Amino acid sequence: GAVVSQHPSWVICKSGTSVKIECRSLDFQATTMFWYRQFPKQSLMLMATSNEGSKATYEQGVEKDKFLINHASLTLSTLTVTSAHPEDSSFYICSASEGRASHEQYFGPGTRLTVT
Amino acid sequence: GQQVMQIPQYQHVQEGEDFTTYCNSSTTLSNIQWYKQRPGGHPVFLIQLVKSGEVKKQKRLTFQFGEAKKNSSLHITATQTTDVGTYFCAGANYKLSFGAGTTVTVRA
C-alpha cells in the first residue's frame, strides 16, 4: 500500500519551455501533497505544500509564478516549471500524506529534469 | 524557523560494525520521522516516533526520541551491505523539515 507514482521519470527540455510533472497517489487519498527539490548529494528542499482544492503554500524563496502547482483531486497533483532555465535542472520529488503535513509521507520515484 | 541538523554527513563502516547517526532540532517536535534513500532511489519511510523518550526497533535498527523531543538517533548494529544509502531524519511540527542526511557506505 501507500504507493505514489510520478511522471515522467526524466525529461529534457529547452530553455524557455514549460514542463509539467504529475504526482499520483495510487492506493490512497492524499489529503496533502508536497513537492521537493533535491540537488546531488544534498537533502530534500521543500518547495511547496498543496491541499486538494486549495492554493499551494510555497516555501520562502520559491517563486510561485515559476513553479505552478495544481492539486486537482485527492490523488493527483501537478507541478509545472514555467519558462525553464538550466538552473532549474534538478531532481524533483513529490510526496503524499493521508493526513496533515506532520504525518508520514510517501514519496514518488522522482523526476530528473534537465534544461538545455 | 525550524531547523534540523543531522550528523555525521558521511559514515563509512566496516561490514559487521555498528554506527549511529544523530539528529537535533532547534525546536520541540510533535514527532520525528526517519527515511532511507538508496542510491538512485527515492526516500522511503522507515518509522515515526511520537512520545518523549520513545525507543523503537526494526530488526538491526534502533530509533530513539529524546526526552525533550528535540533530538533523535538511529543506531544500526552489525552493518550489512544492504544498509548502504542515505538516512534522513525529518522533524515534524506543522510541516516536515529534513536533516541533511547521513550517507552510509559499507566496506566488505
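The values are calculated or read from the model by the stated rules, or taken from the named source; none is laboratory data. Since the model is a prediction, treat every value here as computed from it, not as a measurement. FYI the Cβ positions are ideal-geometry reconstructions off the backbone, even for glycines, and counts take in every protein chain you see. Remember, those area values only see protein heavy atoms, side chains included, never the ligands or the DNA or RNA. Shrake-Rupley method; radii C 1.70, N 1.55, O 1.52, S 1.80 Å.
Structure data summary
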item: Solvent-accessible area of residue A:47 with every protein chain in place, 1.4 Å probe, in Å² to the nearest 10; result: 10 Å²
item: Residue of A:23, A:13, A:94 that the Gaussian network model of chain A assigns the largest fluctuation, springs spanning Cα pairs under 10 Å; result: A:13
item: Cα-derived Rg over Rh, computed across the protein assembly as shown with Rh taken as Kirkwood radius; result: 0.98
item: Beta bridges by DSSP in the protein assembly as shown, antiparallel share as percent, to the nearest 5; result: 90 percent
item: For segment A:74-116, residues shielded by at least 40 square angstrom of accessible area compared with the chain on its own, probe 1.4 Å; result: A:101, A:102, A:104, A:105, A:107
item: For segment A:33-86, average projected area of the Cα convex hull in nm²; result: 4.2 nm²
item: Per-pair calculated FRET efficiency, R0 = 35 Å: residue B:59 and residue A:80 via Cβ, rounded to 0.05; result: 0.25
item: Per-pair calculated FRET efficiency, R0 = 35 Å: residue A:26 and residue A:60 via Cβ, rounded to 0.05; result: 0.65
item: Pairwise FRET efficiency - residue B:12 versus residue B:94, Cβ, R0 = 30 Å, nearest 0.05; result: 0.25
item: Table column - 3J(HN,Hα) (Hz), segment A:48-56, Karplus curve with 6.51, -1.76, 1.60, x for Gly and Pro; result: 6, 10, 10, 10, 4, x, 10, 5, 6
item: Reach of residue B:70 by Cα under 19 Å, taken over lysines that are not fewer than 8 positions away in the same chain; result: B:51, B:56, B:95
item: Interface residues, segment B:90-107 - accessible area loss of 40 Å² or more versus chain alone, probe 1.4 Å; result: B:95, B:96, B:98
item: In Hz, Karplus ³J(HN,Hα) per residue of segment B:97-108 (6.51, -1.76, 1.60; θ = phi - 60°; x = Gly, Pro); result: 10, 8, x, 6, x, 10, 8, 10, 10, 10, 9, 6
